[in-house]
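Let me begin by presenting the structure, written as structure tokens, before commenting on it.
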Amino acid sequence: MQTTIVRLILAAAMFSTTAAFAFDIREIEGTTWFGLYMGGQKIGFAENVTTVGDDDSVTMNQDVTFRLTMVGQQQEMRSTSERKYAPDGGLLSVESRVDDPSGRSEFHAHVTENSLELRSIVGGQESFKHLPKPKETLADAIETTERLREGADVGDQYTYYLFEPMFQRELEARCEVIGIEERVLDGIATKVYAVKTSLMPIGMNSVAYMSENGDLLEDRIANGLIKLRVEPEAMAKDVSFTNDTIVSNAAMIDRPIRNARGRDSLTLRIRGPLGSEHMFNDTGQSFQSSSDGFVFTGRKSAVKGTPPSLPITDAEVTPWLAPSTFVQSDSPAIVEKSRAIVGDETDSLKAVEKLVEWVSDSMRPSYSARLTNALEVLESLEGDCTEHSILLVALARAAGIPAREVAGLIYSDQPQPGFYFHQWAKVWVGEWMDVDPTFDQVYADATHIKLSEGDLIEQVKLLPVIGQLSIEVAGE
């Protein structure tokens, strides 16, 4: 799940804008630099710039650079965003862009009188959506600052809104002042507020430490996994690629698991901050609470009934046939490739077998920091588990087979025995089944620990558990 971790880091850094833009615009117009940290190791930096036009319109820019090491390979990725507000405070537009080794993804959101028009360019394919007019205004951006300057108290609560074009929706930020302390900043005793923000519907939490003037000092995101800390420009840009993001966030175990890829069942003891949103119980796995954590049982589960014929039209699963921003299953290139692979096969399970085999055989393994989408993967035919799974999901949907992304952990003995973040897929062939094209598995083996189902906005819920789990093998 190497690329998926990068996608989650990118999402976390974007969400930090809920605190980073909280200041009095007229008084603090200018530039602020931040160091970006993950698990205590620096992985990048961010520049925030606020300008006020002659007409009192306001523009807020954020530029984030990630410098990561992934399985020994150094990677760089850049994300930029620009938010514009009218003189009366209304949101005018949000422009965001992600540059990675595979290319550029762009998102252009423009507010009209009654709606929001969103233009996305991902994998070279352009798409348009009309969405409800967002609630976000300039008042949302400076809400925290105004409250702190008025003298906020512990327990004060409020709500504001943030439209995020990459997720094609407006997020609701629920805030609470959870602490007040005194720190010495630049030799001066200063009151510092701790403000907790919960982003709905994602449920991701952050705690921002801010001065009484509304200056952001530090933002701790997803239980402190990601941190943005205010720093001088030279210090912020000092990133040395010392931390291997993949290895440092794995759950290592004391001995190898025998026959890992061929296992039909496996029992583990898991400790860490797992919530109900992470614990899936189905034919492939189950969680049970214990005195000191959870007992996990993984099972390799085969389809029991007769698979339906293609195309599948069951109303309860047809939503998982629809294309999305990053799974462009309606693209002519993906539709053509899916038809070429499946051919005249109408048995849905046999069609899945063909698709899994083709993706596994055709993809060249590589690690790259990117905002993955199916079209670019089809063009390059390279990547890690994230690229394998997102291409399979797109090809399956194009063939009329409901499919969705799945993320969690999987056992690997390389570079050392442990459970590493991983991505695979689920397909519906009369029932949902886990398939893993990275390992050419039509039935995913029992070492898969599913913690998330769905697209990127669902995978963001994994952030609080990255690097926070310990695992023991309870029985072989």
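Filter segment 212-224 for residues that are assigned to a loop (DSSP other than H, G, I, E, B) and out of contact with any Leu (no Cβ under 6 Å at 6 or more places or on another chain); which is least open to solvent (accessible area, probe 1.4 Å)? Result: G224. Residue count for segment 240-285, restricted to those that are assigned to a helix (DSSP H, G or I) and either open to solvent by 20 Å² or more (accessible area, probe 1.4 Å) or among the polar types (S, T, N, Q) (or both): 5. Taking segment 325-346 as the range and being in contact with a helix residue (DSSP H, G or I) (Cβ under 9 Å, 6 or more places away or on another chain), open to solvent by 30 Å² or more (accessible area, probe 1.4 Å), touching a residue at least 24 places away in the same chain (Cβ under 8 Å) and not hydrophobic (A, V, I, L, M, F, W, C) as the test, the residues that pass are D330, K337, R339, E345.
Within segment 389-416, take every residue that is outside any helix (DSSP H, G or I) and β-branched (V, I, T) and give me the one that is nearest to M166 (Cα to Cα).
Step one: list which residues in segment 389-416 are outside any helix (DSSP H, G or I), which gives 399-416.
So of that shortlist, the ones also β-branched (V, I, T) come out as 401, 406, 410.
Numbers: I401: 25, V406: 19, I410: 28 Å.
Among those that are outside any helix (DSSP H, G or I) and β-branched (V, I, T), it is V406.
A Cβ distance below 6 Å, combined with a sequence gap of six or more or placement on separate chains, defines the contacts here; from segment 126-141, residues that are on the phi < 0 side of the Ramachandran plot reach residues that are open to solvent by less than 100 Å² (accessible area, probe 1.4 Å) and polar (S, T, N, Q) in the pairs S127/S120; H130/S115; K133/S115. If you go through segment 449-476 and keep only what is within 21 Å of the chain's Cα centre (by Cα) and open to solvent by 10 Å² or more (accessible area, probe 1.4 Å), you end up with E453, D455, I457, E458, K461, P464, G467, Q468, L469. Only one of the numbered conditions (1) surrounded by fewer than 23 Cβ atoms within 10 Å (Cβ to Cβ); (2) touching a residue at least 12 places away in the same chain (Cβ under 8 Å); (3) among the charged types (D, E, K, R) is violated by E316, and that is (2).
The values are calculated or read from the model by the stated rules, or taken from the named source; none is laboratory data. Note that the structure is a prediction, hence the values are computed from the model and not measured. A quick note on method: Cβ atoms are made from the backbone with ideal geometry, for glycine too, and the neighbour counts reach across all protein chains shown. Each accessible area value is taken on the protein alone, full model and side chains, heavy atoms only, with ligands, DNA and RNA left out. Shrake-Rupley method; radii C 1.70, N 1.55, O 1.52, S 1.80 Å.
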